[in-house]
Amino acid sequence: MKVLKFGGTSVGSPEGLKQVVGILKDYQQKGEHIAVVNSALSGVTNELVAVGKMACSNDPAYEEVLESIKQRHFEMVETIMTGETRTRVTNNIKVFLKELSDLLYGVYLIKELSKRTSDLVLSFGERMASYLLSEYASQEGVAAEFADARRLIVTDSSFGNARVLFEETNRNIGTHFSKSSHLQIVTGFIASTEDGTTSTLGRGGSDYTAAIVGAALDADLIEIWTDVDGVMTTDPRRVKKTYSLKSLSYAEAMEMSHFGAKVIYPPTLAPAMSKSIPLSIRNTFNPEFEGTLISKASSDWGYDVKGISSIQEVALVNFQGSGIMGVPNVPNRLFNALSEAEINVIFITQASSERSISFAIAPDDGPRTKEVLEQEFNLEMINHKIDAVEIRYDLAVVATIGENMKHQPGVAAKLFGALGRNGINVVAIAQGTSELNISVVVERKDFSKTLNALHDIYFLSTETRLNLFIAGVGLIGSTLLNQIKAQYDNLLKQHLKINIVGIANSKQFLFDLDGIDLDNWKAELLERGRKGNIDDFVTEMVELNLSNSVFVDNTSSQAVVENYQRVLNNSISITTPNKLASSGDFLKLQEIKNTAYRRGVKFFYETSVGAGLPVITTLNDLLNSGDRIQKIEGVLSGTLSYIFNSFKTGTSFSEIVKEAQAAGFTEPDPRDDLNGMDVRRKILILSREAGYQMDISDVQIDGILPESCMEAADVPAFFEELAKHDHHFEGLLKEAEAEGKVLRFIASMEGGKALVALKAVGPEHPFFSLSGSDNIISFTTPRYLERPLVVKGPGAGAEVTAAGVFAEVIRIFNYLS
Ligand SMILES: NC(=O)C1=CN([C@@H]2O[C@H](COP(=O)(O)OP(=O)(O)OC[C@H]3O[C@@H](n4cnc5c(N)ncnc54)[C@H](O)[C@@H]3O)[C@@H](O)[C@H]2O)C=CC1
Ligand SMILES: N[C@@H](CC=O)C(=O)O
Ligand code: NA
């Protein structure tokens, strides 16, 4: 036989009840022997709690709440029942409600509500619901009887949370079921004491009733029908994509439910376990779905971890002092005192130095815990053997659960790695030798972030979110967004979901936690974007505190660079084509790198030299493998390369500069290219990577741009001025051509001395044959001495630059996961 339990949402609406009866019919057709346990209509128990309190405090408004409870039940009868059944059921519900109303009036008059009376008030919820269900099922052709559990389940008299007396209970259930031929609809949650007074089994106790009935009848399955698809990998309100667990062992289910997974009431498991009866968690509104099976064995589902459970609000008590060390009865006294005060301890840790014991409790128990301990250890505290009790609030516990974690090295490493990379501070840790559960205490502000970071790290092959924040959506930024859009589905197939959470330009910014619409971001930024600068953008990004976050700087702005420290300090990685940080103040750059290192995040800027070409990574590969940079030489400007590759007799120099700008090769201000500043920065970046502590003033330059061009007020004025100097550049070109040479703007660095100059080179020179916006960089090292290592290819332009940034985003993701 099977025992089916239906929760409040299943029986709380006409649709729910229809589903329930459908499930019952299904079993009837299969000829299965079943019994049903059910809860009160959803929300009714809470209303009964409220109405009792109001009546007790002599608030006449209790009658309004009572009226709403009445209406709820009458409406249900009206909607689902017909003809003579409707009249009979209405009359019987009226009898229940009259009794409830009299009881509450009594409470109102005497202004007293004991736990015992409260249990009686609450019992009406289950009683009316079970009666309704039995009548409705019968009307629909499933002959059923209402069974009041107060005649079956016997408890002690701890009202509110009574303890079951199993011997009598099992006997009663056995006798009752042996005599009844119809389907029994048993009230969940309620019971009675030996003298027949109504008691309850604790909130959520209907699950427990089902397990008690199931165990008493030796059922072969207990089904808990609720409104979700079984037990999920973690809290779906906190993590976007969670998964229903196919199976859990009793021990795993116990851990999951203890740490907040609301799907099952923890005491339920004991009776089921005692008889090895499996429990199945099913969805009334999705009956085809198989749900979660809880049984003796833990199945292997391909992951070490089954689920991540949590308690959002805890306080941590630190109990310490020299008087704890080696004194055996201190822990004993400590926990006895807590137990006597009925303070529940959620978890305990003690370092092997034995100087302190930390334990987590519900925050509401904080003040009483302090009192109890100060009383118990009064003497030791006066003698300074034990310090004052410290309690930290605003904390949460996140527990990683699974039997397969046992004997599995690396599970804890993954956990702490993920927390570290996401900048989540661990306040306390506990793991029992059962290795079933690793619990960490974190600050409440990091609660969601922790759940997300851990869910990602353990269930990686399902889907990981990478949260991107993009400053600068000009040429490179918008190209990057287009590339992400085009590659989005492919990455999803590889379980990576790129979520563009924030974008900013110099005037406004836009945030969307669900990801900015990549088809429409320009209009959205314009319409929904808020006014604000980069500091505001970063502040909001940091406050969001999302896991797996990456900041992309696609600007050429120093104001953005000024935020790098703050970004990295908040454990958010950076990738950027902006050269200002890597070629700026040496000490500041060092600090930025140190912060990234300390926080365990990345600061990448490969695209600042040679755009998408692997220049910086190549250089680092050489150094990391023990090589040494003797000389760097290169054409490092895409703009200047393009210009001198296209500049032939008969063409105009200034027109070609305009072409380079139109092609997207130039800096936001093309003078940064023409005056050699861009190249100086790049050779400086490479020199620093090679190990030289140099500044921009250490890079000598032979400029090619006349002074007056530099002085022009803006870019259009600059182009006008430049046109006046076309003849100067023609002269240079002619000179070179006469010798069979070409012009190349070459940067070089040898032994810490860097130089940038325009040179005429002949066909024998490796830089002679370049085309388009090609960059070429050659590294001379002891291993690449006769023939230097050369990197060559397009070194500027929107597509190749954005692609380089994109690649670094993915590299950071690989690192994070
Ligand atoms: N064009 C190319 O081939 C390459 C460019 N780069 C670098 O890429 C970066 C971007 O270049 P482009 O896209 O061409 O520039 P752009 O001028 O088209 O776009 C710059 C963007 O940054 C925004 N911005 C400027 N200051 C800001 C601030 N303080 N806060 C927030 N947003 C701000 C602007 O509103 C704009 O959206 C530059 O640092 C450039 O040196 C690097 C390698 C190659
Ligand atoms: N303006 C730069 C772009 C790459 O950094 C160039 O021309 O190389
Ligand atoms: Na590069």
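Annotations
- With a requirement of 3 or more residues that are closer than 30 Å to VAL552 by Cβ, the strands (runs of 3 or more DSSP E) lying completely within segment 734-817 that satisfy it span 742-750, 774-780, 789-794.
- Residue in segment 420-431 that is within 13 Å of the chain's Cα centre (by Cα), surrounded by 22 or more Cβ atoms within 10 Å (Cβ to Cβ) and closer than 30 Å to ILE346 by Cβ present: yes
- Failed item in (1) within 16 Å of ligand 1 (Cβ to nearest atom); (2) in a loop (DSSP other than H, G, I, E, B); (3) crowded, with 23+ Cβ neighbours inside 10 Å, with VAL601 passing the rest: (1)
- Residue list for segment 332-369, restricted to those being out of contact with any Asp or Glu (no Cβ under 8 Å at 6 or more places or on another chain) and either farther than 24 Å from PHE259 by Cα or not assigned by TED's automatic domain parsing to the domain that holds ILE438 (or both): ASN332, SER352, SER353, GLU354, ARG355, SER356
- Against the conditions (1) in contact with an Asp or Glu (Cβ under 9 Å, 6 or more places away or on another chain); (2) surrounded by fewer than 16 Cβ atoms within 10 Å (Cβ to Cβ); (3) in contact (Cβ under 8 Å) with a residue 24 or more places away in the chain, HIS384 satisfies every one except (1).
- SER625 vs. criteria touching a helix residue (DSSP H, G or I) at 6+ places or on another chain (Cβ under 7 Å) and away from ligand 2 (no atom under 16 Å from the Cβ): no
- Residue within segment 116-130 that is surrounded by fewer than 17 Cβ atoms within 10 Å (Cβ to Cβ), in a loop (DSSP other than H, G, I, E, B) and touching a residue at least 40 places away in the same chain (Cβ under 8 Å) present: no
- Some residue of segment 56-71 being more than 18 Å from GLY12 (Cβ to Cβ) and among the hydroxyl-bearing types (Ser, Thr, Tyr): yes
- From GLU659, GLU667, GLU655, residue being outside any helix (DSSP H, G or I) and either more than 30 Å from GLU720 (Cα to Cα) or not polar (S, T, N, Q) (or both): GLU667
- For the residues LEU613, LEU568, the requirement of being more than 15 Å from ligand 3 (Cβ to nearest atom), under 30 Å from SER547 (Cα atoms) and surrounded by 18 or more Cβ atoms within 10 Å (Cβ to Cβ) singles out LEU568.
- Some residue of segment 568-575 being part of a helix (DSSP H, G or I), within 16 Å of ligand 1 (Cβ to nearest atom) and not polar (S, T, N, Q): no
- Within segment 616-631, the residues that satisfy the criterion of being assigned to a loop (DSSP other than H, G, I, E, B) and buried (at least 16 other Cβ atoms within 10 Å of the Cβ) are ASP627, ILE629, GLN630.
- Flag for THR607 being within 30 Å of ASN570 (Cβ to Cβ) and either within 16 Å of ligand 1 (Cβ to nearest atom) or not in a loop (DSSP other than H, G, I, E, B) (or both): yes
- Positions within segment 80-98 being surrounded by 13 or more Cβ atoms within 10 Å (Cβ to Cβ) and in a helix (DSSP H, G or I), in sequence order: ILE80, THR85, ARG86, ARG88, VAL89, THR90, ASN92, ILE93, LYS94, PHE96, LEU97
- Scanning segment 688-703 finds one or more residues that are within 16 Å of ligand 3 (Cβ to nearest atom), more than 20 Å from VAL800 (Cα to Cα) and not in a loop (DSSP other than H, G, I, E, B).
- Conditions (1) assigned by TED's automatic domain parsing to the domain that holds THR666; (2) within 16 Å of ligand 3 (Cβ to nearest atom); (3) touching a residue at least 60 places away in the same chain (Cβ under 8 Å): number failed by ASP621: (3)
- Residues that are basic (Lys, Arg) and within 16 Å of ligand 1 (Cβ to nearest atom) within segment 610-665 comprise just one, LYS658.
- Residues that are under 16 Å from ASN570 (Cβ atoms) number at least 2 in the following helices (runs of 4 or more DSSP H) confined to segment 406-511: 411-421, 447-458.
- Enumeration of residues in segment 775-804 that are in contact with a Pro (Cβ under 6 Å, 6 or more places away or on another chain) and within 13 Å of ligand 3 (Cβ to nearest atom): VAL800, THR801
- Options LEU48, LEU17: the member that is in the same structural domain as GLU145 (by TED's automatic domain parsing) and of a type in the set (A, V, I, L, M, F, W, C): LEU17
- Only one of the numbered conditions (1) in a loop (DSSP other than H, G, I, E, B); (2) more than 16 Å from ligand 2 (Cβ to nearest atom); (3) aliphatic (A, V, I, L, M) is not met by LEU613, and that is (2).
The values are calculated or read from the model by the stated rules, or taken from the named source; none is laboratory data. In this text the structure is predicted, and so the values were computed from the model without any measurement. Counting neighbours? That spans all protein chains shown, and the Cβs are built from the backbone with ideal geometry, glycine included.
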